[in-house]
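Heads up: the structure comes next, in structure tokens.
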Amino acid sequence: MRLFPQRARFGLAQKSVRVAGWTLAVLSVLCLMLYGVARATQALEYRRATVFLDELKTFQPGQSEASVMPFIQSNGGFRPDRVFGVKNDAYIMRIDPWHLMHPLPGPNWVGGAYGDTFLRLGNWRRRLKLRGWTVSGSVRFTDGKVASVSGDLVIEGENEWLMVDWRYAADMPASLWNGHPDSLPGMTSRYDSRWTHLHFGNGTGEGILTSVTPLSTPEELAAARDINLQCFWNGRGCRSLCELMPDATKYRREHNVGGWGWNSGDWGIQPRDCE
């Protein structure tokens with residue numbers, strides 16, 4: 001004796017196939033919509049970061065605090081007591097669409113789960129042109145005047161994390177830059193740059209640290225602060241520091257110092273053409 005007739009079983013199978021098909025279609029549409037939202041958000045944040053970095057470069061040491069504060073306030077500037085355990089006296093601004101430098105709101109486990117997922121899906125994200133990046137700026141005042149302006153970018157390149165960090169102040173920070181063995185010889189009075197190894201999250205990479213002053217030439221200012229912002233939107237990602245900072249690389253090689261350092265690459269083999 002059959003509990004269900006043959007035709008009834010066939011009808012149930014057809015219904016299951018239809019439900020599975022509709023479920024798959026809805027999930028596919030939802031994934032495409034989420035991807036579209038992510039790409040659109042990236043485009044808006046890219047534009048915002050471009051404007052932010054361009055305006056940050058316009059501020060000068062000695063400029064009045066009152067003239068800079070509207071920019072700081074409009075970009076969510078804040079003044080933490082300490083940064084990485086060091087006493088801080090600067091306003092910090094940050095554009096961080098992927099929450100790489102500040103946690104997601106809510107319980108700690110949410111941020112932990114998100115961070116772990118973000119890193120584990122790195123190869124998939126990069127294939128989908130969803131590269132992680134964060135941009136920061138800081139302004140320090142002394143006696144109501146701008147003492148220094150700094151900007152930095154950390155971004156997923158083609159093979160590893162890439163970083164740019166520049167500082168513009170009345171004087172060179174001797175304790176950090178001057179006399180470093182990889183600095184440009186004879187140029188420490190107005191322009192200094194060096195290569196650095198980078199640890200970011202659970203990944204590695206490399207970066208360029210530069211420092212300039214009001215005595216720096218237009219060429220030196222460009223070498224320190226001009227970033228190839230197409231690296232935000234480039235599908236494959238910029239492959240090296242040379243591509244991220246072409247003016248800095250050109251300046252370095254024209255002054256007979258050669259290329260930068262070299263890293264092996266964190267998720268791909270790093271080319272040696274920028275060494």
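The values are calculated or read from the model by the stated rules, or taken from the named source; none is laboratory data. Every value quoted in this text rests on a predicted model; they were computed, and no experiment measured them. Methodologically, a virtual Cβ is constructed for each residue, glycine included, from the backbone with ideal geometry; neighbour enumeration extends over all protein chains shown. Note: areas computed on protein heavy atoms with side chains; ligands, DNA, RNA excluded. Shrake-Rupley method; radii C 1.70, N 1.55, O 1.52, S 1.80 Å.
What the table shows:
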read-out: Rough spin-label spacing in nm, given labels placed 7 Å along Cα→Cβ, for R253 and A66; value: 4.9
read-out: Extension gain (nm, one decimal) between R127 and D81, 0.36 nm per residue minus Cα-Cα; value: 12.6 nm
read-out: Accessible area of V29 in the full protein assembly, 1.4 Å probe (Å², nearest 10); value: 80
read-out: In nm, spacing of pseudo-spin labels at A43 and D143 (7 Å Cα→C-beta vector); value: 5.0
read-out: Which labelled figure in (i) 86, 37, 36; (ii) 97, 44, 30; (iii) 48, 45, 30 is Cα extents along the principal axes in Å, once derived from the coordinates; value: (ii)
read-out: Disulfide-incompatible cysteines by the Cβ rule (no partner under 4.7 Å) in the chain; value: C31
read-out: Exposure of L241 as accessible area (Å², to 10), given a probe of 1.4 Å and all protein chains; value: 0
read-out: Straight-distance crosslink candidates among lysines, where the alpha carbon sits under 18 Å from K87 and sequence neighbours closer than 8 are dropped; value: none
read-out: In nm, spacing of pseudo-spin labels at T50 and M101 (7 Å Cα→C-beta vector); value: 2.1
read-out: Set of lysines near K250 by C-alpha distance (under 26 Å), chain-local residues within fewer than 8 positions excluded; value: K57
read-out: The chain: relative contact order in percent, alpha carbon pairs under 8 Å with at least 6 residues between; value: 15
read-out: Share of carbon and sulfur in the accessible heavy-atom surface of the chain [1.4 Å probe, %]; value: 59
read-out: Within the chain, percent of DSSP bridges classed antiparallel, to nearest 5; value: 85
read-out: By accessible area with a 1.4 Å probe, ligands and nucleic acids excluded, highest first: order of V51, V149, V17, V257; value: V17, V51, V257, V149
read-out: Area of M245 that stays accessible when all protein chains are in place (1.4 Å probe, Å², to 10); value: 0
read-out: Order of exposure, largest accessible area first, which applies to R131, R18, R120 with probe 1.4 Å; value: R120, R18, R131
read-out: Candidate residues D89, D152: accessible-area rank, largest first, probe 1.4 Å; value: D89, D152
read-out: Residues with amide H under 5 Å from that of T204, placed H, sequence gap 5 or more; value: W161
read-out: Residue of Y46, Y251, Y35 that the Gaussian network model of the chain assigns the largest fluctuation, springs spanning Cα pairs under 10 Å; value: Y35
read-out: Accessible area expressed per residue, segment 204-275, with surrounding protein chains retained (probe 1.4 Å, Å²); value: 42
read-out: Relative contact order (%) - criterion: Cα under 8 Å, at least six apart; region: segment 105-154; value: 25
read-out: Shape of segment 42-173, Cα gyration tensor, a/c cut at 1.5; value: prolate
read-out: Nearest-ten-degree value, helix 6-56 long axis tilted from longest Cα axis of the chain; value: 10
read-out: Length added when fully stretched, S74-A113, from 0.36 nm per residue minus Cα-Cα; value: 11.0 nm
read-out: Length released on extending from T204 to L24, taking residue separation times 0.36 nm less the Cα-Cα span; value: 61.0 nm
read-out: Neighbour net charge for S216 - beta-carbon separation under 15 angstrom, K R +1, D E -1; value: -1
